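K.L.:
Here you go, one structure.
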Amino acid sequence: MSKFEYAPAPESRAIVDLQTSYGLFINGEFVDGSGDAFKSISPATEEVLAEVSEASEADVDAAVKAARTAYTRVWSKMSGADRGKYLYRIARILQERAREFAVLESLDNGKPIKESRDVDIPLAAAHFFYNAGWADKLDFASLGPNPRPHGVVGQIIPWNFPMLMLAWKIAPALATGNTVVLKPAETTPLTALLFAEVCQQADLPPGVVNIVTGAGTTGQAIVDHTGIDKLAFTGSTGVGKMIARAIAGTRKKATLELGGKAANIVFDDAPIDQAVEGIVNGIFFNQGHVCCAGSRLLVQESIADEVDRRLKRRLETLRVGDPLDKNTDVGAINSRAQLDRIVALTDAGESEGAERWDNGCPLPDKGFWFRPTVFTGVTQTHRIAREEIFGPVLSVLTFRTPQEAVAKANNTPYGLSAGIWTEKGSRILWMADQLKAGVVWANTFNKFDPTSPFGGYKESGYGREGGRHGLEPYVKTGA
Amino acid sequence: MSTTTDTAIDATARARDLLGVTRLTNQALTTWLHGLPGVDQVGCEARAAALGTRSIKTTSKKWAIDLAISMIDLTTLEGADTPGRVRGLAAKALVPDPSDLSTPRPAAVCVYGDMVETAKKALGPDSGVKVAAVATAFPSGRASMAVKLADTRDAVKAGADEIDMVIDRGAFLSGDYLTVFNQIAEVKKACGDARLKVIMETGELVTYDNVRRASWLSMLAGGDFIKTSTGKIQPAATLPVTLIMLEAVRDWRVLTGEMVGVKPAGGIKTSKDAIKFLVTVSEVAGDDWLDNHWFRFGASSLLNDLLLQRQRMTTGAYSGANYIADDSPSTAY
């Protein structure tokens with residue numbers, strides 16, 4: 001028991017006006033889906049938040065047709081400057097309604113309110129602002145000669161950053177003149193549906209953005225639809241491979257942002273207190289539900305014990321619990337299925353001989369929870385060093401030389417991100433050059449900005465999102 | 001006095017022991033201090049900002065406000081100070097809120113050396129409120145060692161329970177760590193039983209690496225407290241600087257088993273700010289430091305804001321500044 005007990009500081013959920021059921025957003029209107037309805041629950045309490053329509057093949061077809069019509073008649077004819085105005089308007093509305101979005105995101109996803117409030121929603125708005133600025137400057141973005149939109153874009157996003165991933169997808173697509181059919185994840189559809197309201201509020205022409213909710217079959221219908229010109233997917237490597245196979249031999253383009261098993265590499269000359277913060281932020285931010293999470297800590301052997309001691313002391317101050325409490329650091333695991341996967345992989349870690357530690361914090365009775373967990377004595381062959389756990393679980397490995405750190409960091413089928421902690425600038429540059437990872441952070445971790453491209457090497461996918469590079473997949477160039 | 005001489009010998013002997021050297025040279029100190037892990041400025045400031053977003057409500061806020069009041073070194077350090085103003089400050093310390101006698105008293109009043117006797121007399125022997133005196137040619141520290149020691153002894157003789165000394169920043173910044181060490185150790189010797197707070201004047205040290213090194217040097221030389229600032233230089237007590245100092249005392253305890261106090265001083269004016277510092281104390285150094293023996297605020301105007309918030313929590317309404325007795329003579333710090 002701490003001497004300084006923090007009294008509950010819950011953010012009010014009154015600001016969110018939840019409906020009991022939601023339809024699909026097609027052609028600027030909410031319509032009933034023809035599939036079965038499914039429930040979206042709060043992972044923190046297992047409370048049913050709303051019923052959501054499942055989009056059938058026919059519904060997806062209607063959405064694609066609406067997007068095609070909007071593209072042909074309105075959006076492709078509109079000047080970039082005018083498209084930009086709509087994007088700015090959406091960005092401003094997101095800022096105005098930020099608290100509503102943050103509360104709903106935390107309810108539906110289970111992530112702490114301080115994170116949805118300070119990271120997800122502000123960044124989502126920032127992506128719209130950033131891409132709005134490009135809308136009338138595409139000819140000058142070094143994309144190639146005569147950049148033009150593909151047409152109708154199908155977008156499938158994951159449950160870990162529902163609103164932020166929506167923004168990553170929709171903002172560049174609209175800025176470049178495409179129209180969109182987007183499917184949010186089946187466990188976190190609610191902020192996307194609230195975003196549909198924002199599209200209405202912004203008077204976005206009907207059909208420019210269509211939101212279809214559902215699970216795998218709905219996603220499959222989008223992937224297979226012949227009216228889709230380009231696909232953008234963020235999610236697991238398994239599904240990414242299925243998509244790549246499905247569109248092979250078709251004219252469809254795709255960007256895939258998939259899994260990761262990032263190495264966070266700490267050298268013995270690192271700023272150690274900040275490195276500990278970076279380790280915590282790398283793997284416990286968003287319950288570790290982060291594709292670029294620093295799930296493998298590579299620490300130089302000479303300071304391994306010191307880092308271990310400092311890290312564990314720090315983890316004992318992490319506050320796990322009610323996502324709507326403003327002092328919560330780690331929220332709920334997003335779903336029963338994900339919790340089961342985390343449990344299975346951590347059990348494997350133990351049975352394979354790694355040493356398990358958790359911070360021993362109390363967990364709520366209801367909902368899906370997992371304590372911040374650290375495995376030491378992990379080797380490259382352990383499953384917890386190879387497979388993406390996508391949970392608050394850190395695997396600690398050691399190295400002796402920079403070469404060994406690079407070899408271990410790159411010895412994975414993934415290559416999304418990496419972190420380097422050292423006070424030596426030259427070593428940072430050398431390491432960044434050697435590491436096969438799309439994003440390399442130096443003396444920080446999990447920092448995102450709309451101006452910075454993001455994407456992977458190897459089985460972490462292809463294509464970049466964010467920055468000028470993030471516009472490229474959404475345009476075709478040449479005569 | 002033989003006991004105080006022993007303390008000084010102990011500081012050097014212990015330093016030799018901790019550093020693993022047979023003779024304490026400036027080179028040895030430099031190697032040791034420069035071997036401390038660096039501080040990444042961006043990361044440090046981000047951590048402090050994150051701690052500042054903690055939301056402290058209802059019962060915890062009430063507890064934190066009372067704790068913060070009990071940690072204040074109520075301060076007046078003006079050329080224009082008079083015995084009358086110091087008596088006013090002492091009266092405020094004895095009864096911070098005449099409308100609510102359950103209000104805790106601040107930890108100490110902090111004055112110039114010539115006001116110690118006045119303060120001591122005004123507070124009486126049993127109030128529990130300590131008298132702290134700034135010494136060693138405060139605030140610049142630019143005087144000979146003989147003068148600094150005389151300044152210290154004078155305050156102790158007048159009854160000061162605590163001495164707030166300043167380090168020689170010129171020596172520190174030019175890398176003459178041994179001079180800083182020796183001065184602290186000698187002042188500590190001159191303090192006798194009085195607790196020694198070592199003011200590093202972090203605003204003049206500029207970098208967090210320097211703050212960390214000065215903190216370790218002060219602890220090594222025998223300081224009972226490490227303190228940010230005189231209040232005469234900006235910036236004074238920032239949250240990131242205090243965070244670095246709290247990490248230092250935490251790690252010093254791991255190394256030696258001893259606790260050293262921390263005192264941010266200057267610029268902390270609101271209850272909201274004070275609570276951020278307490279959160280940082282709790283989450284960085286640990287709850288053992290949540291006690292006025294180990295953590296202080298050097299402040300003057302902070303007290304009245306805490307009292308205003310305390311009344312608000314008791315009565316449910318803000319009374320306004322005119323309903324809080326304002327006898328604090330200076331507005332700085």
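K.L.:
What ³J(HN,Hα) values, in whole Hz, does the Karplus curve 6.51 cos²θ - 1.76 cosθ + 1.60 give for segment A:174-191 when θ = phi - 60°, with x put for Gly and Pro?
P.N.:
For segment A:174-191, the Karplus curve yields 6, 4, 8, x, 8, 10, 10, 10, 10, 10, x, 5, 5, 8, 9, x, 6, 5 Hz.
K.L.:
Moving on. Please list, in order along segment A:117-122, the HN-Hα scalar couplings obtained from phi with the Karplus expression 6.51 cos²θ - 1.76 cosθ + 1.60 (θ = phi - 60°), rounded to whole Hz, x for Gly and Pro.
P.N.:
6, 9, 10, 4, 6, x
K.L.:
Check which residues have an amide H placed less than 5 Å from A:Gln155's amide H, if you skip close sequence neighbours.
P.N.:
A:Val181, A:Leu182, A:Lys183, A:Ala232
K.L.:
A further question follows. Loop only by DSSP, 12 or fewer other Cβ within 10 Å of the Cβ. Give me the GluC sites (Glu not before Pro) in segment B:212-297 that pass, ordered by residue number. The partial results should precede the final answer.
P.N.:
Numbers: sites: B:Glu247, B:Glu258, B:Glu283; in loops: B:Glu258.
For GluC sites (Glu not before Pro) across segment B:212-297 that sit outside H, G, I, E and B with at most 12 neighbouring Cβ atoms in 10 Å, the list reads B:Glu258.
K.L.:
A further question on this structure: In segment B:264-333, what trypsin sites (Lys or Arg not before Pro) fall in a loop by DSSP, with at most 10 other Cβ atoms inside 10 Å?
P.N.:
Sparse-neighbourhood loop trypsin sites (Lys or Arg not before Pro): none present.
K.L.:
If you rank A:Cys292, A:Cys361 by fewest surrounding Cβ atoms within 10 Å, what's the result?
P.N.:
Numbers: A:Cys292 27, A:Cys361 17.
Sorted ascending by nearby Cβ count, the order is A:Cys361, A:Cys292.
K.L.:
Here's something else I'd like to know. Roughly how many nanometres apart are two label points built 7 Å out from the Cα toward the Cβ at A:Glu350 and A:Ser12?
P.N.:
Distance between label points: 4.4 nm.
K.L.:
Let me ask you something else. Per DSSP H run of at least 4 residues, take -39500 (n - 2.57); add these up for chain A, divide by its residues and hand me the 222 nm value, nearest 500 deg cm²/dmol.
P.N.:
My calculation for chain A gives -11000 deg cm²/dmol from helical runs alone.
K.L.:
Among B:110-117, A:440-447, how do they line up by average Cβ neighbours within 10 Å per residue, starting with the highest?
P.N.:
Ranked by mean Cβ neighbours within 10 Å, highest first: B:110-117, A:440-447.
K.L.:
Return the average number of partner chain Cβ atoms within 10 angstrom of each residue Cβ along peptide B:30-42.
P.N.:
So the per-residue partner count for this stretch is 4.
K.L.:
In whole angstrom, how far apart do the alpha carbon centroids of segment A:341-402 and segment B:142-175 sit?
P.N.:
Each part's Cα centre sits 53 Å from the other's.
K.L.:
Right, here's the next one. Amide H neighbours of A:Phe399 under 5 Å, counting only residues 5+ apart in sequence or on other chains, H built in-plane at 1.01 Å?
P.N.:
A:Val299, A:Gln300, A:Glu301
K.L.:
Which trypsin sites (Lys or Arg not before Pro) does segment B:51-158 hold that lie in a coil by DSSP with at most 13 other beta carbons within 10 Å?
P.N.:
Answer by residue number: B:Arg142.
K.L.:
How large is log10 I(q)/I(0) at q = 0.08, 0.11 Å⁻¹ when the Debye formula is applied to the Cα atoms of segment A:263-442, each weighted equally and without solvent?
P.N.:
Log10 I(q)/I(0), no solvent term: -0.23, -0.44.
K.L.:
Antiparallel as a % of all DSSP beta bridges within the protein assembly as shown, to the nearest 5?
P.N.:
20 percent
K.L.:
Then there is this: Whole angstrom only: what separates the Cα centroid of segment A:412-470 from the Cα centroid of segment A:9-84?
P.N.:
Computed from Cα coordinates, the inter-centre distance equals 33 Å.
K.L.:
Return one quarter of the surface area of the convex hull spanned by the alpha-carbon atoms of chain A, equal to its mean projected area, in nm².
P.N.:
That works out to 22.0 nm², a quarter of the Cα hull's surface.
K.L.:
Separate question: Size of the protein assembly as shown along its principal axes in angstrom, Cα-based, largest extent first?
P.N.:
94, 61, 52
K.L.:
Another question, then. What is the percent of Cα-Cα separations in segment A:123-210 that go past 22 Å?
P.N.:
So the pairs more than 22 Å apart make up 25 percent of the total in segment A:123-210.
K.L.:
Show the residues, 5+ positions off or on another chain, whose built amide H is closer than 5 Å to the amide H of A:Tyr22.
P.N.:
Amide H neighbours of A:Tyr22: A:Glu51, A:Val52, A:Ser53.
K.L.:
Where the Cα atoms of chain B are projected onto their three principal axes, how long is each span, largest first, in whole Å?
P.N.:
Projected onto its principal axes, the Cα set of chain B covers 62, 44, 31 Å.
K.L.:
Suppose R0 equals 56 Å; then what is the FRET efficiency for B:Arg23 and A:Ala37 from their Cβ-Cβ distance, rounded to the nearest 0.05?
P.N.:
On the way: r = 81 Å, r/R0 = 1.45.
About 0.10, to the nearest 0.05.
K.L.:
Tabulate in residue order the Karplus-calculated ³J(HN,Hα) for segment A:226-242, using 6.51 cos²θ - 1.76 cosθ + 1.60 with θ = phi - 60°, rounded to whole Hz; enter x for Gly and Pro.
P.N.:
Karplus values, whole Hz, x for Gly and Pro: 6, x, 8, 8, 8, 10, 10, 10, 10, x, 6, 5, x, 5, x, 5, 4.
K.L.:
Express the Stokes-Einstein translational diffusion coefficient of segment B:18-131 in µm² s⁻¹, to the nearest whole number, given a Kirkwood radius over alpha-carbon pairs, 4 °C and a viscosity of 1.567 mPa s.
P.N.:
72 µm²/s
K.L.:
Taking every residue in B:57-64, how many Cβ atoms of other protein chains lie within 10 Å of its Cβ, on average?
P.N.:
Other-chain Cβ atoms within 10 Å of each residue's Cβ, averaged: 4.
K.L.:
Per residue of A:266-275, how many C-beta atoms from partner chains lie within 10 Å of its own C-beta, taken as a mean?
P.N.:
Mean shielding by partner chains, rounded to a whole number: 5.
K.L.:
Please rank A:Ile15, A:Ile342, A:Ile247, A:Ile211, fewest neighbouring Cβ atoms within 10 Å first, as an exposure proxy.
P.N.:
The most exposed by this proxy come first: A:Ile15, A:Ile247, A:Ile342, A:Ile211.
None of the figures in this text is laboratory data; all of them are computed from the coordinates on show. Just so we're clear, the structure is a prediction, and the values are computed from it rather than from any experiment. Glycine also receives a Cβ, built like all others from the backbone with ideal geometry; neighbour counts cover every protein chain displayed.
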